[in-house]
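Heads up: the structure comes next, in structure tokens.
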Amino acid sequence: MMPPAAIEPASTTAENRTIADRSALGKDDFLRLLVTQLQQQDPLNPLESTEFSSQLAQFSSLEQLQGVHDGIQQLLRAQVGESNANAVAYIGKTVQIADNTVAIRNGIPGVLGVALSGPAVDVRMLIHNENGDLVRTVAVGALPAGAHVVPWDGTDNWSQPLVDGNYTLDVVAMDGAGAPTPATALITETVTGVTFKNGSAKFIAGGQEVALSDIRAVGGT
């Protein structure tokens, strides 16, 4: 018969579990260790003043860092709250979104656009149908850097109305030296709502969720 296992006091076991579960010591733990060290020191060989001062300085630094961390967290929460509140003001606004898919709905084409990182002397927008066929080339011409609206009547290269559906956009932009200019296709939609996920705001525009980073320009109501 095996001897009974020693039973640890409940308080000691719980305390050991608590300490084991922690990945780092906090300022309260540091202070308790410092007090325990003072209580257990040898009276004939007390803690040297320089070492004691060093430990106090470490505790002071730890406490200050904890205060800085708490302050930063409060600031971040305030900024997120303010950003989310400001997002509601976008409802009803027209926005230009970085997206290469434009739709024709009930015979009405979406509004095209392009964002250029630099000036271009020749800008063209290539529109492909759902099969990948090129159905329209919109010659835009020269444009300065920035976001621009590109007129399009929803017809193909033979001036025939295109059917309802989604179309893919490609942008070709060249600078004065004949080198490609970075360009992003844009579409224009109206913000109809705002949703909040993981503490950040997402805009509802054109039936899809849009991040603030994808909005390149904001129009009126």
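The values are calculated or read from the model by the stated rules, or taken from the named source; none is laboratory data. What you see is a predicted model, and the numbers here were worked out from it, not measured in a lab. Here the Cβ positions follow ideal geometry from the backbone for every residue, glycine too, while neighbour counts run over all protein chains shown.
Criterion applied to Thr168, Thr137, Thr184, Thr188 was being in contact with a His (Cβ under 6 Å, 6 or more places away or on another chain), of a type outside the set (D, E, K, R) and surrounded by 13 or more Cβ atoms within 10 Å (Cβ to Cβ), and the one residue passing it is Thr168.
This table checks each residue for (1) closer than 29 Å to Asn86 by Cβ; (2) aliphatic (A, V, I, L, M); (3) assigned by TED's automatic domain parsing to the domain that holds Leu112.
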residue	(1), (2), (3)
Val138	no, yes, yes
Gln160	no, no, yes
Leu169	no, yes, yes
Met174	no, yes, yes
Ala179	no, yes, yes
Gln208	yes, no, yes
Asp214	yes, no, yes
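Looking across the stretch 164-221, the residues that are free of Cβ contacts under 8 Å to residues at least 60 places away in the same chain and closer than 23 Å to Gly107 by Cβ come down to Gly207, Gln208. For beta carbons closer than 9 Å, sequence separation of 6+ or different chains, a first residue in the stretch 148-160 that is surrounded by 11 or more Cβ atoms within 10 Å (Cβ to Cβ) and a second that is assigned to a loop (DSSP other than H, G, I, E, B) and modelled with pLDDT of 95 or more, the qualifying pairs are Gly154/Leu162; Thr155/Leu162; Asp156/Asn129; Asp156/Leu162. Listed by position, the strands (runs of 3 or more DSSP E) contained in the stretch 112-217 that have at least 2 residues being farther than 19 Å from Gly92 by Cβ and modelled with pLDDT of 90 or more are 120-128, 134-143, 146-150, 165-174, 183-197.
Can you pull out the residues in the stretch 191-221 that are surrounded by fewer than 16 Cβ atoms within 10 Å (Cβ to Cβ), farther than 27 Å from His128 by Cα and of a type in the set (Val, Ile, Thr)? If the condition is that a residue be surrounded by fewer than 16 Cβ atoms within 10 Å (Cβ to Cβ), farther than 27 Å from His128 by Cα and of a type in the set (Val, Ile, Thr), then Thr192, Thr195, Thr221 are the ones that fit.
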